[in-house]
Amino acid sequence: MTEVPLRVRPARRLLQPVLERIDRRIDRRVRTADREIEQLRQELRATQDQLASHQQQPFALELLYGKDGRLNDRMPSRQAFKKLADEIAAVAGRPGAWNETAQAFRTLVEVESRGVGRIAGSTANILGKLATTPLLGPPQGEILEIGTLYGLFAGGLVRQLLRRGLDYQLTIVDPLAPVQLQPGMEITRDPSGTPITEAVVRANLRYAGVESQRIRLHRGFSEDPTVREALSDRLYGVIVIDGDHTRDGVARDLEWAEQIAATGAIVVLDDYGDARWPGVREAADAHLADKTRMKWVGRVSTSAFLRAG
Ligand SMILES: C[S@@+](CC[C@H](N)C(=O)[O-])C[C@H]1O[C@@H](n2cnc3c(N)ncnc32)[C@H](O)[C@@H]1O
């Protein structure tokens, strides 16, 4: 032990209370700092947890809305969605269509999630058709879809017409070939992996909530005279032309639509202006330039809307 010199002892006695106060103060500061450090540690752990859950969320969303298992994702940006809603409003002659476009989005996601296969086309184009068609106020709910693929779009369209209170009957014509038939393009396998069969289309329509007694599913080609004869037994309030996308094919379907469209009917011409299917636009423009009952209403994304006079 070190011997303290005699002259230092009184000074130490004098300083002792001050030293003790300093010690207590240091202790207090250290305890406060420890508490603060512990608090910071907890905040850091909470932030790390939040960050981890945010990093996981996009993947789960990606699985729900991403393009795996189909051709296109269902994740429109706010900006793209706004642009689309504005386009729909302009064609429908309304000040806005944000709510209707949002409802159409829910229909698309729900119908595709419950069904098997996929709806063909980009999200913008599908929403355009689902939202605009009812807003144009078709005169009645007899629907004809030429080219159905898995039947999911038809199921969604029925839902959308119901939003306007339209009583529906659905007629579909499609070859129901195991994979999509498209003259000029060979498709060997669908990205969804599901074959197109009558059972699949009927199941999808059931999943979409379409009542079976309101469905006529006709297997065949729209240009076939026997098909035409069978399906020309009524006038349709909505006709969706989405079968053979060649110029001749679309021209034939438009010509048939002239005969079976009710007054005021809406004709939806899918893939109008889509660079992959130039024949659709060529046929439609040629048709409208000639003598016709159809009047141009407008275009949303890559679909044109016509109204029968
Ligand atoms: C682009 S897909 C239809 C997509 C569907 N409307 C949708 O929105 O998901 C075209 C469908 O039309 C069928 N198709 C091809 N030529 C046809 C024709 N001449 N008549 C009727 N359907 C046809 C194809 O086999 C395919 O099922």
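The values are calculated or read from the model by the stated rules, or taken from the named source; none is laboratory data. Because the structure is predicted, anything quoted here is derived from the model rather than measured. As a convention, Cβ positions derive from the backbone with ideal geometry for all residues, glycine included, and neighbour counts pool all protein chains shown.
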Residue tally, condition crowded, with 18+ Cβ neighbours inside 10 Å and farther than 12 Å from G298 by Cβ, over the stretch 82-94: 2
I'd like the residue in the stretch 264-281 that is closer than 18 Å to A154 by Cα and near the ligand (Cβ under 10 Å from one of its atoms) and, out of all such residues, is surrounded by the fewest Cβ atoms within 10 Å (Cβ to Cβ). D271
Going through the stretch 260-281 in order, the residues found to be in a helix (DSSP H, G or I) and closer than 28 Å to E229 by Cβ are I260, G279, V280
Meets criteria (buried (at least 22 other Cβ atoms within 10 Å of the Cβ) and touching a residue at least 40 places away in the same chain (Cβ under 8 Å)) for I126: no
Based on this model, can you work out whether S232 counts as surrounded by fewer than 16 Cβ atoms within 10 Å (Cβ to Cβ), more than 12 Å from the ligand (Cβ to nearest atom), polar (S, T, N, Q) and within 26 Å of the chain's Cα centre (by Cα)? no
Spans of helices (runs of 4 or more DSSP H) in the stretch 8-116 with at least 3 residues modelled with pLDDT of 95 or more and of a type in the set (D, E, K, R): 78-92, 98-114
Residues of the stretch 99-155 being charged (D, E, K, R) and over 14 Å from the mean Cα position of the chain (by Cα), in sequence order, are E142, E145
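Per-residue answers, yes or no, for (1) more than 13 Å from the ligand (Cβ to nearest atom); (2) exposed (fewer than 15 other Cβ atoms within 10 Å of the Cβ); (3) of a type in the set (A, V, I, L, M, F, W, C); (4) more than 25 Å from the chain's Cα centre (by Cα):
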site	(1), (2), (3), (4)
G220	no, no, no, yes
E223	no, no, no, yes
D244	no, no, no, no
V250	no, no, yes, yes
A262	yes, no, yes, yes
A289	yes, yes, yes, yes
A304	yes, no, yes, no
G309	yes, yes, no, yes
The one condition in (1) in contact with a helix residue (DSSP H, G or I) (Cβ under 8 Å, 6 or more places away or on another chain); (2) at positive phi that G165 fails to fulfil: (1)
